[in-house]
Amino acid sequence: MDTLLYTCDQIRAIEHAAQAHLAPGTLMERAGEAAAAYARELLAGEPGGAVLVLAGPGNNGGDGLEVAAHLAREGFDVEVLHLAGSATPSFETGRALQRAGDAQVRFVDAIPPGRPWRLVVDALFGIGLARALTGQARELAVWTASLDCPVLAIDVPSGLDADTGTIVGPHGAAVTATHTITFLGNKPGLHTGDGCDHAGAVRVDMLGADGLQQEAAQAVLNGPALFAERLAPRRRNTHKGSFGDLVVLGGARGMLGAAVLAARAALHGGAGRVFAATLDPGMLLDPLQPEIMFRDAAGLDYAGRSVVAGPGMGNADAAIHLFGKVLEARGPVLVDADALNLAAARPELAERLCAHGGEVVLTPHPLEAARLLGVTASIVQADRLEHARELALRFNSVVVLKGAGSVIARPDGFVAVNTSGNPGLATGGSGDVLAGFCGALLAQGWPAWEAALGAVWMHGAAADWLVEDGAGPIGLTAGELPRAIRAVLNALVADVARSGTWA
């Protein structure tokens, strides 16, 4: 349940369905209890020390007042900074305000200077925020980024769009939380874009409304459970031909490194044979990976082989011709980097890509996605899920929109948001490694959807493993990823072999 992602409209429908069967104020009381329980965990259950609750004027503020009342009754030193606004509070919020007063919560007008907080609770604004934070609310949101104590956001960090993961409004601000407890369903904006830096660890509490979803979720968090059935141990009676041929098409003059990184990733990702079809014929051997077979791109037969097209390919006439040749072969193809830019610049290539008919994966970063869609990168980033969906539909392909919380989309509109990975992947060549690894899974017979899911998750998990081992995130290099990916892949296969499934 926690992996399903719901839009704000879907969450409101769940809330409406729940309220139809409950006494007024019940959901707010349950939200306050759940958030207070999480707060106690963050406080290690020990009363003492100061807790500050930032409460806004609406029902999200009411949730915060309920938290304050619970913690105060349990002996915690609680202060509330309440931005009440001018409107009359709802019945539920008014009742929460009364309970906070009855619990002897102290109300303050400003942050007491020099107070050492053990926990700050953000209950300023929830999913209904439509304008950028201003005034004192903005100041408080900015202030949270400077704290060295836990910051618990209720439902969504104030100022963050729960659908898109962007900060609401031009020149807006959002609370920087270390933890978020979100209600009635998980939300995509907590896991992509700015949400990756503002939501922290996310917990979902359904408030007893399980099973009241009015519409099926059209998004999910990516993880091994989505591709576990492809993680089969290899039979002993096999040979290199059992695991497919992969061709990496790219490597124009001055850009051979991109093709080499992709080919190394494909080799470590399990492809039976890996060919580097380079436009620059100058490289005949990779001394670190002599298993890679270098070929002249112009003379290679692409039929019957999976192809990764684009790493370091350039935009010369030869690149255009060879990309067209790959599309004619109609084998599984992953389109990355320069091949994406060629498709964006040349309508005839885009049409042929749309009509390919086989397994196709596109792996654009936001600027490449913008070129394909004829918009700007900032527009793409403003709604990553919807633009990934648009690309998948337009090109009849599986699309990986890379970035913080990479979005994997199918032509039918279903998307997965990835949660593995870290800033160490923001380095030259990591996208080439992802392309090569995903191509290797395609060569081994993985369908495009599962190949994209698996490659993106394991690519991120490999970076996480390297960071845990002390290699980054600062200074982590793309060349370190292939062996780490191999380790992650084999560990997953072993886990599935032991248990029969992914738990």
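For the chain, which whole-number percentage of the solvent-accessible area (1.4 Å probe, protein heavy atoms only) is attributable to carbon and sulfur atoms?
Details: 10730 of 20450 Å².
Solvent-exposed carbon and sulfur of the chain make up 52 percent of the total.
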Subject >> Ranked order, HIS356, HIS365, HIS16, HIS70 - accessible area, probe 1.4 Å, largest first >> reply: HIS16, HIS365, HIS70, HIS356
Subject >> segment 264-279 - phi-based ³J(HN,Hα) in whole Hz, Karplus 6.51/-1.76/1.60, Gly and Pro as x >> reply: 4, 5, 5, 5, 6, x, x, 4, x, 9, 10, 10, 9, 8, 9, 6
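Using a simple charge model, +1 on the beta-carbon of Lys and Arg, -1 on the beta-carbon of Asp and Glu, nothing else, what dipole does the chain show about its Cα centre, in debye to the nearest 20?
On the way: 36 positive and 52 negative charges, 241 e Å.
Once rounded to the nearest 20, the dipole reads 1160 debye.
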Original post:
Can you list residues whose amide H is under 5 Å from ARG253's amide H, if they're 5+ apart or on another chain and H is modeled 1.01 Å from N?
Top reply: ASP280
Subject >> Under Karplus coefficients 6.51, -1.76 and 1.60, residue-wise ³J(HN,Hα) of segment 202-218 in Hz, glycine/proline x >> reply: 10, 10, 10, 10, 7, 6, x, 9, 4, x, 9, 4, 7, 10, 5, 5, 10
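At a threshold of 8 angstrom on Cα-Cα distance, excluding pairs fewer than six apart, so keeping six or more, what relative contact order does segment 297-380 reach in percent?
28
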Original post:
With a ≥ b ≥ c the root eigenvalues of the C-alpha gyration tensor of segment 30-99, is it rounded (a/c under 1.5), prolate (a/b larger than b/c) or oblate?
Top reply: prolate
**OP:** Would you pull out the residues with amide H under 5 Å of ALA50's amide H, same chain only if 5 or more places away, H placed 1.01 Å from N?
**Re:** ARG118
**OP:** Sort all Cα-Cα distances of segment 1-138 into consecutive 5 angstrom bins from zero, then give the percent of pairs in each bin up to the one containing the longest distance.
**Re:** 2, 10, 19, 22, 20, 14, 9, 4, 0, 0
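Let me have the relative contact order for the chain, percent, based on Cα pairs under 8 Å that are six or more residues apart. Walk me through the numbers on the way to the answer.
On the way: 1142 pairs, mean separation 64.2, N = 503.
Relative contact order of the chain: 13 percent.
Using Cα-Cα distances under 8 Å and only pairs 6 or more residues apart, what relative contact order does segment 61-220 have, in percent?
Averaging sequence separation for qualifying contacts and normalising by length gives 18 percent for segment 61-220.
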Subject >> Probe 1.4 Å, accessible area per residue of segment 326-435, Å² >> reply: 36
Subject >> CD proxy at 222 nm, helix term only [per DSSP H run n ≥ 4: -39500 (n - 2.57); per residue of the chain; nearest 500] >> reply: -12000 deg cm²/dmol
Original post:
Rounded to the nearest 20 Debye, what is the dipole magnitude of segment 121-226 about its Cα centre when Lys and Arg each give +1 and Asp and Glu each give -1 at the C-beta?
Top reply: 100
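May I ask you to give the solvent-accessible area per residue for segment 1-59, in square angstrom, as obtained with a 1.4 angstrom probe?
Heavy-atom accessible area per residue stands at 43 Å².
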Subject >> Surface accessible to a 1.4 Å probe, TRP143 within the full protein complex, Å² >> reply: 60
Original post:
Relative to the longest principal axis of the chain, what angle (0 to 90°, nearest 10) does the C-alpha long axis of helix 430-443 take?
Top reply: 70
**OP:** For GLY331, list long-range residues whose amide hydrogen, built 1.01 Å from N in the peptide plane, is under 5 Å from its own amide hydrogen.
**Re:** GLY304
Original post:
For the chain, what is the percent of antiparallel DSSP beta bridges, rounded to the nearest 5?
Top reply: 15
**OP:** Out of all DSSP beta bridges with both ends in segment 133-254, state the antiparallel percent to the nearest 5.
**Re:** 10
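Taking the solvent-accessible surface of protein heavy atoms with a 1.4 Å probe, what is the per residue accessible area of segment 79-197 in Å²? Present the calculation step by step, with values, prior to reporting the outcome.
On the way: 5030 Å² over 119 residues.
Using a 1.4 Å probe on heavy atoms only, each residue of segment 79-197 averages 42 Å².
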Original post:
Considering only LEU4, GLN381, GLY270, whose Cα is most displaced toward the positive end of the charge dipole of the chain, charges sitting on Cβ of Lys, Arg (+1) and Asp, Glu (-1)?
Top reply: GLY270
Subject >> Among LEU340, LEU327, TYR302 - extreme Cα towards positive end, dipole of segment 218-364, charges at beta-carbon >> reply: TYR302
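Output the Kirkwood hydrodynamic radius of segment 107-237, Cα pairs only, in Å rounded to one decimal. Spell out each step's value before the answer.
Numbers: mean 1/r = 0.0606 Å⁻¹.
Averaging 1/r across every pair of different Cα atoms and inverting gives 16.5 Å.
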Original post:
In the full protein assembly as shown, how much of ARG118 is accessible to a 1.4 Å probe, in Å² to the nearest 10?
Top reply: 70
**OP:** Sum up the charges of everything whose Cβ sits under 15 Å from the Cβ of THR477, counting Lys and Arg as +1 and Asp and Glu as -1, but leave THR477 out.
**Re:** -1
Subject >> Farthest toward positive dipole pole in segment 52-154 [+1 Lys/Arg, -1 Asp/Glu at C-beta], among VAL80, ALA141, ALA103 >> reply: ALA141
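State, to one decimal in nm², a quarter of the convex hull surface area for the C-alpha atoms of segment 360-439, i.e. the direction-averaged projected area. The partial results should precede the final answer.
Numbers: hull surface 20.0 nm².
In nm², the orientation-averaged hull projection of segment 360-439 is 5.0.
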Original post:
Any idea what the dipole of segment 273-359 comes to, in debye rounded to 20, about its Cα centre with Lys/Arg Cβ at +1 and Asp/Glu Cβ at -1?
Top reply: 180
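Can you pull the Kirkwood radius for segment 257-397, inverse mean 1/r over Cα pairs, to one decimal in Å? Could you put the intermediate results ahead of the total?
Values: mean 1/r = 0.0638 Å⁻¹.
Final number for the Kirkwood radius of segment 257-397 is 15.7 Å.
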Subject >> Space enclosed by the convex hull of the alpha-carbon atoms of segment 125-181, per residue, Å³ >> reply: 72
Subject >> segment 291-303 - phi-based ³J(HN,Hα) in whole Hz, Karplus 6.51/-1.76/1.60, Gly and Pro as x >> reply: 5, 6, 9, 8, 9, 6, 4, 5, x, 8, 8, 8, 5
Subject >> Charge tally in the Cβ shell below 13 Å around ALA225, where Lys, Arg are +1 and Asp, Glu are -1, ALA225 excluded >> reply: -3
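Could you state, as a whole-number percent, how many of the C-alpha pairs of the chain are farther apart than 36 Å? Spell out each step's value before the answer.
Details: 47963 of 126253 pairs.
The answer is 38 percent, as a whole percent.
Take every DSSP beta bridge with both residues inside segment 1-143 and express the antiparallel ones as a percent of the total, to the nearest 5.
Working: 0 of 15 bridges.
So the antiparallel bridges in segment 1-143 amount to around 0 percent.
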**OP:** Just add up the charged neighbours of ASN59: K/R +1, D/E -1, any other residue whose Cβ is under 14 Å from the Cβ of ASN59.
**Re:** -3
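The values are calculated or read from the model by the stated rules, or taken from the named source; none is laboratory data. Just so it is clear, the model here is predicted, and its values are computed rather than measured. When we count neighbours, we look across all protein chains shown, and the Cβ atoms used for this are built from the backbone with ideal geometry, even at glycine. Protein only, heavy atoms only, side chains kept; ligands, DNA and RNA dropped before computing areas. Shrake-Rupley method; radii C 1.70, N 1.55, O 1.52, S 1.80 Å.
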